[in-house]
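K.L.:
Below is one structure. I have some questions about it.
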Amino acid sequence: MFTPLLRPVAYAYLFLFSLLLAFESTGQQLMFEKQAEGWMLLEEGQPRYFYQTATKSLDGLYPRANYIHPLYDTEGEVITEDFPADHPHHRGVFWTWHQLWVNDQRAADPWICEDIVWEVKKVKTAINPNGSASLEATILWKGTGKIQKNLVQETLIVTFQRVSSAAYKLTFDIELKPLLKNIRLGGSEDAKGYGGFSPRIRLGNNAGFYDENGKVLPQELPVRAGPWINLTAGGPEDPGTVIMGEPEKLPSYQGWILRSKNSMQNLAFPGKEPLLLDTKNPMSFRNQLLVHQGMGRQEIVDQYRIFRNQ
């Protein structure tokens, strides 16, 4: 029991300790907020990303759902674009392809949002004990053109986790299960062969591209580079976004489609030759975005190792 002389001092320490605990708990707070068109992840009350569940269009054109926009950096700035004037079918962080076939019939062109809708059937969110926040969704790809059937069932898991006060990571686990026999998926029908995971990140006038070996120069055709690209405001340690993938696990991987202005960035697969989706073994792939205010090469290498070991 405290003596009369020590009691005020002890109470003061207890009060300061309770304030510290309250500060720490609110300083790490993550919360999902359900909105009319989707789900917003908040960190300390500040937005981090929005998952679009409702179909959204531009005056009825390019209807789309099932993508991330806006995506915010650690300073609260929006770093993705939706309906950009140069490519209005681009949308935040998205994953899709030009070719969707059933047998020998073209069912849709998901890349330009033609003859298809994405119906988000179920969303489950969780704040996890390790300090991460996960969103799991089930999505039906539904044909609206010549083939008006459910074509593909997608399972999506998006996981947010802080890396430091100046960086966070957003991991995407995606699985595609065909709902009909002989469904094939393919990229653009040209030498570029783009398709797959495609972030549309805002680009400055001096955007820099770096892999583990140094500077990478965007080209018209796919570029051979490492398993991650650090897209920065200019220099190798400037603020930016690291795009990570598992290239050796992608079927018919084509390389990186990189653009220094007016476009998305893409780990292209399977190219212009469509890939048959297996009804018994759904196609799955993983990607991660590392959003930062400046990271060195070794820090990124370490984060990529963690990504691969998850």
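The values are calculated or read from the model by the stated rules, or taken from the named source; none is laboratory data. Since we're looking at a predicted model, the values are computed, not measured. Quick reminder, even Gly has a Cβ in these numbers, built from the backbone with ideal geometry, and neighbours come from all protein chains shown.
K.L.:
If I ask for residues that are of a type in the set (Lys, Arg) and in contact with a strand residue (DSSP E or B) (Cβ under 6 Å, 6 or more places away or on another chain), which ones from region 106-149 would you list?
P.N.:
So the first thing to find is which residues in region 106-149 are of a type in the set (Lys, Arg), and the list is 106, 121-122, 124, 142, 146, 149.
Correct list: Lys121, Lys122, Lys124, Lys142, Lys149.
K.L.:
Which of the residues spanning region 29-71 are of a type in the set (Lys, Arg) and either closer than 18 Å to His90 by Cα or without any contact (Cβ under 8 Å) to a residue 40 or more places away in the chain (or both)?
P.N.:
Step one: of region 29-71, the residues of a type in the set (Lys, Arg) are 34, 48, 56, 64.
Of everything in region 29-71, those that are of a type in the set (Lys, Arg) and either closer than 18 Å to His90 by Cα or without any contact (Cβ under 8 Å) to a residue 40 or more places away in the chain (or both) turn out to be Lys34, Lys56, Arg64.
K.L.:
When the residues of region 187-229 are narrowed to those that are farther than 14 Å from Pro247 by Cα and of a type in the set (A, V, I, L, M), which ends up farthest from the chain's Cα centre (by Cα)?
P.N.:
Out of the qualifying residues, it is Ala191.
K.L.:
Identify all residues within region 38-76 that are closer than 21 Å to Ser132 by Cα, charged (D, E, K, R) and outside any strand (DSSP E or B); write none if there are none.
P.N.:
Residues satisfying the conditions are Glu44, Asp73, Glu75.
K.L.:
How many residues are charged (D, E, K, R), under 26 Å from Leu100 (Cα atoms) and buried (at least 19 other Cβ atoms within 10 Å of the Cβ) if we restrict to region 193-229?
P.N.:
Number satisfying all stated conditions: 1.
Each row is one residue, and each column tells you yes or no for (1) β-branched (Val, Ile, Thr); (2) at negative phi.
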{"position": "Glu77", "(1), (2)": "no, yes"}
{"position": "Thr80", "(1), (2)": "yes, yes"}
{"position": "Phe83", "(1), (2)": "no, no"}
{"position": "Asp109", "(1), (2)": "no, yes"}
{"position": "Ile116", "(1), (2)": "yes, yes"}
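K.L.:
Return the pairs, sorted by first residue and then second, in which the second residue is among the basic types (Lys, Arg) and exposed (fewer than 12 other Cβ atoms within 10 Å of the Cβ), the first residue lies in region 210-231 and is under 15 Å from Glu248 (Cβ atoms), the beta carbons are less than 8 Å apart, and the residues are 6+ apart or on different chains.
P.N.:
Final answer for the pair search is none.
K.L.:
Can you name the residue in region 187-212 that is outside any strand (DSSP E or B) and among the polar types (S, T, N, Q) and is also modelled with the highest pLDDT among such residues?
P.N.:
If we filter region 187-212 for residues that are outside any strand (DSSP E or B), which is where we start, we get 187-195, 200, 202-207, 212.
Restricting the remaining residues to those that are among the polar types (S, T, N, Q) gives 188, 205-206.
On the way: Ser188: 98, Asn205: 93, Asn206: 95.
Result: Ser188.
K.L.:
Would you check if there is a residue in region 99-106 being crowded, with 17+ Cβ neighbours inside 10 Å, polar (S, T, N, Q), within 15 Å of Leu41 (Cα to Cα) and at pLDDT 95 or above?
P.N.:
no
K.L.:
Inspect all residues belonging to region 106-118 and state whether any of them is part of a helix (DSSP H, G or I) and in contact (Cβ under 8 Å) with a residue 40 or more places away in the chain. Break it down stepwise before answering.
P.N.:
Taking region 106-118 first, the residues part of a helix (DSSP H, G or I) are 110-112.
Retained after the next criterion (residues that are in contact (Cβ under 8 Å) with a residue 40 or more places away in the chain): 111-112.
Yes, region 106-118 has at least one match.
K.L.:
Of the residues Ala166, Ala233, Ala137, which is of a type in the set (A, V, I, L, M, F, W, C), out of contact with any helix residue (DSSP H, G or I) (no Cβ under 7 Å at 6 or more places or on another chain) and either surrounded by 20 or more Cβ atoms within 10 Å (Cβ to Cβ) or more than 23 Å from Glu299 (Cβ to Cβ) (or both)?
P.N.:
Unique residue meeting the criteria: Ala137.
K.L.:
When only residues in region 142-164 that are hydrophobic (A, V, I, L, M, F, W, C) and assigned to a strand (DSSP E or B) count, which is farthest from Lys181 (Cα to Cα)?
P.N.:
At the first step, the residues of region 142-164 found to be hydrophobic (A, V, I, L, M, F, W, C) are 147, 151-152, 156-158, 160, 163.
Remaining after also requiring assigned to a strand (DSSP E or B): 151-152, 156-158, 160, 163.
Values: Leu151: 9, Val152: 10, Leu156: 22, Ile157: 25, Val158: 28, Phe160: 35, Val163: 42 Å.
Top of the filtered list is Val163.
K.L.:
While we're looking at this one, here's another question. What's the number of the condition Gly196 fails, among (1) out of contact with any helix residue (DSSP H, G or I) (no Cβ under 9 Å at 6 or more places or on another chain); (2) at negative phi?
P.N.:
In the conditions (1) out of contact with any helix residue (DSSP H, G or I) (no Cβ under 9 Å at 6 or more places or on another chain); (2) at negative phi, Gly196 misses (2) alone.
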